[in-house]
Amino acid sequence: MNILRKNIHDNRFLRLIEGALKAGYCEEWTYHPSLSGTSQGGIVSPILSTIYLDQLDRFVETTLMPDYTKGDKRERNSAYGQVANQLQTARRQGDLERVRALQKELRQHPSKTQDDPGYRRLRYIRYADDFLFGFAGPFEEAHQIKDKIASFLQTELKLTLSAEKTLMTHAHTGRARFLGYEIGIMYSSTKLDRSRRSVNGAVGMYIPEDVIQAKRKRYLRDGKPIHRPELQNDSEYDIIIRYQGEYRGLVQYYGLAQNLAQLGYVKWTMETSLLKTLASKNQTSTTKESKRLNATTKTPDGPRKCLQLTIQREQKKPLIAIWRIATQATQKSRHRRPGHTSICPIEIRNSRKTPQRHM
């Protein structure tokens, strides 16, 4: 509360916030008092976390990042340089076969020295009380960063890092979890853009496999798609709109993922469940429902097959419900190498699940 009082002088508002912090919470119809922090899922929890952890943001920006940022760029890899010189010589001589062989060999070497002792980068991102650090440097210095963060949180904010949930991950061999995504480093010597490797060392975001399975589980029974009996009293229009809304929200949230196509499994499961729900409602078969609703719709990527229900209305525009693949605009920069986040081999994460007091 002292942090709020520094910039807010409305005592009525301050009392309201203090009352919300002490209000407690209900779990399985049982009241529990608030011993610390805000209740998980509380509407004011994200904004209070942001206000309280603003001091951590300033500490990272003014202290940690300057201390762990060195060099303008990495040194050039000597092996890469030797092959590049040989390639230039072969081009001048017009030896096309040797040029092709040297181009393939060149792609087997990193252009920069990955363990350059004169190069360090530290990056930081936070949402509410979840934060992620990306560090290009030795493992020992990553431990130092973690210890400094833990010390600052303990002394300045009276918070502790959970040893179980604060993880350190090498991004080349593992992936960090952050806000429902898996984050790691991409590597491919065959993905080329103008004859250059375009994804090596770039940060990639992925949909976790357990998320895909969890989303499918809602529409499965014994491993097979089933109908949803709780929707049978709804109209066909409402059923299709519900399914489409659920799938669209999932696709739009994970639109930045490199493996977005993996949602095709979820799409097939949901579509089969939708057809079974409509077939159960109308006392018919999924094949007949599919033929009845089969249509083609225009999308930014061209015509696509879909399931479409049209309800004609007098003197009004018809109601149209469409179930189709939620398309995403292709981003040319998705596979390009970000300028200041090209390496992110260490993750330090804090994610609290129990209610704790932020102020």
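The values are calculated or read from the model by the stated rules, or taken from the named source; none is laboratory data. Owing to the predicted nature of the structure, the values given are computational and were not obtained by experimental measurement. Virtual Cβ from ideal backbone geometry, glycine too; neighbours counted across all protein chains shown. The accessibility values were calculated without ligands, DNA or RNA, using every heavy atom of the protein model including side chains. Shrake-Rupley method; radii C 1.70, N 1.55, O 1.52, S 1.80 Å.
Find which of Ala79, Tyr31, Ala20 sits farthest along the positive direction of the dipole of the range 1-91, computed with +1 on the beta-carbon of Lys and Arg, -1 on that of Asp and Glu, about the Cα centre.
Ala79
Could you give the accessible area per residue of the range 1-125, probe 1.4 Å, as a whole number in Å²? Don't skip to the end; give the middle numbers.
Working: 8690 Å² over 125 residues.
Here the per-residue accessible area is 70 Å².
Starting from the Cα coordinates of the range 1-103, work out the convex hull volume and express it per residue in Å³.
For the range 1-103, the hull spanned by Cα atoms encloses 252 Å³ per residue.
Please give every one of the aspartates and glutamates within straight-line cross-link reach of Lys6, meaning a C-alpha to C-alpha distance under 18 Å, and leave out same-chain neighbours fewer than 8 residues apart.
Candidates past the 8-residue exclusion: Glu18, Asp54, Asp57, Glu156.
With just the Cα atoms defining each centre, how far is the range 150-178 from the range 58-114? Give it in Å.
Using only Cα atoms, the two centres lie 32 Å from each other.
Output the relative contact order of the chain, whole-number percent, from Cα pairs under 8 angstrom with separation of 6+ residues.
The normalised contact order for the chain reaches 22 percent.
Give a residue-ordered list of calculated ³J(HN,Hα) values for the range 44-61 (Karplus: 6.51 cos²θ - 1.76 cosθ + 1.60, θ = phi - 60°; whole Hz; x for Gly, Pro).
9, 4, x, 5, 5, 4, 5, 5, 5, 8, 4, 5, 5, 4, 5, 5, 5, 5
For the range 217-308, state what percent of all Cα-Cα pairs lands in each successive 5 Å bin, counting from 0 Å until the bin that includes the largest distance.
Per 5 Å bin, starting at zero, the Cα-Cα P(r) for the range 217-308 comes out as 3, 12, 21, 26, 20, 12, 6, 1, 0 percent.
Please give, to one decimal in nm, the separation of the simple spin-label points placed at Ser188 and Glu230, each 7 Å out from Cα toward the Cβ.
Rounded to a tenth, the inter-label distance reads 3.9 nm.
Quick one: which residues, 5+ away or cross-chain, put their amide H under 5 Å from the amide H of Tyr25? H built at 1.01 Å from N.
His32, Ser34
Let me know the Rg and Dmax you get for the chain when you use only its Cα atoms, in Å.
Using the Cα atoms of the chain, the pair Rg, Dmax is 27.0, 82 Å.
Looking only at Cα atoms, what is the convex hull volume of the range 67-193 per residue, in Å³?
That works out to 143 Å³ per residue.
Provide the solvent-accessible area of Val44, counting protein heavy atoms only and rolling a 1.4 Å probe, rounded to the nearest 10 Å².
50
If you find the alpha carbon centre of the range 242-300 and of the range 1-23, how far apart are they in angstrom?
The distance from the Cα centre of the range 242-300 to that of the range 1-23 comes to 47 Å.
So which residue, out of Asn200, Asn282, Asn11, gets the largest mean-square fluctuation from a GNM of the chain using Cα contacts under 10 Å as springs?
For the chain, modelled as a Gaussian network with Cα springs under 10 Å, the answer is Asn11.
If the reach is capped at under 20 angstrom between alpha carbons, list the lysines near Lys73, excluding any in the same chain fewer than eight residues apart.
Lys112
DSSP loop trypsin sites (Lys or Arg not before Pro) in the range 145-211 with at most 14 other Cβ atoms within 10 Å of their Cβ, which ones? Write down the numbers at each step before the final one.
Details: sites: Lys146, Lys148, Lys158, Lys165, Arg175, Arg177, Lys191, Arg194, Arg196, Arg197; in loops: Lys158, Lys165, Arg175, Lys191, Arg194.
Hits after loop and neighbour filter: Lys158, Lys165, Lys191, Arg194.
Only helical DSSP H runs with n ≥ 4 go in: add -39500 (n - 2.57) per run for the chain, normalise by residue count and round the 222 nm mean residue ellipticity to 500 deg cm²/dmol.
Mean residue ellipticity at 222 nm (helix-derived): -11000 deg cm²/dmol.
So if a site counts as exposed when it's one of the GluC sites (Glu not before Pro), its DSSP state isn't H, G, I, E or B, and it has at most 16 other Cβ atoms within 10 Å, what's the longest stretch of the chain without one? Each step should come with its number before you reach the end.
Values: sites that count: Glu28, Glu75, Glu164, Glu314.
Maximal segment without exposed cleavage sites: 165-313.
Got a sec to turn the phi values of the range 11-28 into Karplus ³J(HN,Hα) couplings, 6.51 cos²θ - 1.76 cosθ + 1.60 with θ = phi - 60°, whole Hz, x for Gly and Pro?
After applying 6.51 cos²θ - 1.76 cosθ + 1.60, I find 5, 5, 5, 5, 5, 5, 5, 5, x, 5, 5, 9, 6, x, 8, 10, 9, 6 Hz.
For Lys291, which lysines qualify as cross-link partners when the Cα separation must be under 25 Å and same-chain residues fewer than eight apart are set aside?
Those lysines meeting the cut-off are Lys224, Lys267, Lys276, Lys281, Lys305, Lys317.
Give me a comma-separated list of calculated 3J(HN,Hα) values for the range 306-314, in order, Karplus coefficients 6.51, -1.76, 1.60 applied at θ = phi - 60°, integers in Hz, x for any Gly or Pro.
7, 9, 9, 10, 10, 10, 6, 9, 5
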